[in-house]
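Please read through the structure below; I'll follow up with questions.
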Amino acid sequence: MKQRIDFRDQIARNKRKSVFLMFSVFVILVLLGYVISLAFSPGYFFVIMIIAIIFSISYLLISYYNSHKIAIASVGATKAYKDDYRQYYNSVEGLTLASGLPMPKLYVMPSEQINAFASGRDPQHAVVCVTKGALEKLDKNELEGVLAHELGHIASYDMRYMTLVAVMVGMIAIISQIFLRSLWFRGGGSDRSKGIFILIGIILAILAPIVVYMVQMSISRKREFVADASAVKFTRYPGGLIRALKKIQADHAPPEKKVSKAVAPLFISNPFGALGKTHPPIEKRIQVLERM
């Protein structure tokens, strides 16, 4: 018999893993900067950091304060009014009472897929969006499981967390590009003693963006497990989400073409129809939920 999993332990474990992975991104950033400063000079790296910070902070401010608006607009969703979507509205209202969260703004996306996502910088500025396919194909308990999953993302401040990770990843990409491009304009000759650090810097500049992207996707997968466990915490019934995930797995709706790759990690399942790197396998998620 498989050992039971307490949803509280599952939430805490995956949050610890996410923090560790985020710390790994920070270590890579510091290591890359240190090697570049040895290869050239601390002043040169200081200039690169200023440029990277300006671009990254600009991205942070725009995406952080407008994340919910950008996500809703990008998928062509429309506002879900209570009179038109009473079960949807009542389910979210009941879950917010159970979780202690404020009522998010509700939207519906014109898609035949069974899918949903949440966005917003904090619970006070959150939105929940479900597809028409989810409203039509899921029963009450299954829909509540999906909605509880999305509220789990809101409760964990996942948008804030993932935006911070995205900024750090963006800084590493910018620093790597500036360093690699600057080598074309660097004269040869006098600093041969620094050649080994330049070589190490080149290797790091090429590999670092790839590595941190993989780490970013791993963090995204961990946050899905946290949201699944939070759904059990809010509903006290894993069966609804389990059945919803099984329906998502068996759904034959066509992949979404209008969803951007930047928004795709927000969905409960990959909208492009493949497992992808942003989501753990549905089979694995179901196995974990069945042990709760």
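Just so it is clear, none of the values below were taken in a lab; they were calculated from the coordinates. Note that the structure is a prediction, hence the values are computed from the model and not measured. No Cβ is skipped: glycine too gets one built from the backbone with ideal geometry, and neighbour counts run over all protein chains shown.
Assuming 0.36 nm per residue, please report the length gained on full extension of the stretch residue 157 to residue 177 beyond their Cα-Cα distance.
Computed gain between residue 157 and residue 177 is 4.1 nm.
Give me, ordered by chain and number, the residues 5 or more places off residue 272 or on other chains with an amide H under 5 Å from its own placed amide H.
Hits under the 5 Å cutoff: 256.
Based on the Cβ-Cβ distance of residue 140 and residue 16, what FRET efficiency does E = 1/(1 + (r/R0)^6) give at R0 = 45 Å, to the nearest 0.05?
The calculated FRET efficiency here is 0.85.
Another one. If packing is taken as the average number of other Cβ atoms within 10 Å across a peptide's residues, how do 81-89, 207-215 rank, most packed first?
Going by the mean number of other Cβ atoms within 10 Å, highest first, we get 207-215, 81-89.
Sticking with this structure for a sec: Exactly which trypsin sites (Lys or Arg not before Pro) in region 208-272 are in a DSSP loop and have at most 16 other Cβ atoms within 10 Å?
Here the sparse-neighbourhood loop sites are 236, 257, 258, 261.
Given R₀ = 22 Å, FRET efficiency for residue 79-residue 272 by Cβ-Cβ distance, to 0.05?
0.30
Shifting gears a bit: Taking 7 Å along the Cα-to-C-beta vector as the label spot, tell me the residue 89-residue 124 distance in nanometres, rounded to one decimal.
2.5
Something else about it: Modelling each spin label as a point 7 Å along the Cα-to-Cβ direction, I'd like the residue 203/residue 287 distance in nm, to one decimal.
3.5
Given labels modelled 7 Å from the Cα in the Cβ direction, how far is it in nm from residue 217 to residue 98?
3.3
Additional query: Grab the beta carbon distance between residue 210 and residue 132, set R0 = 35 Å, and tell me the FRET efficiency rounded to 0.05.
0.40
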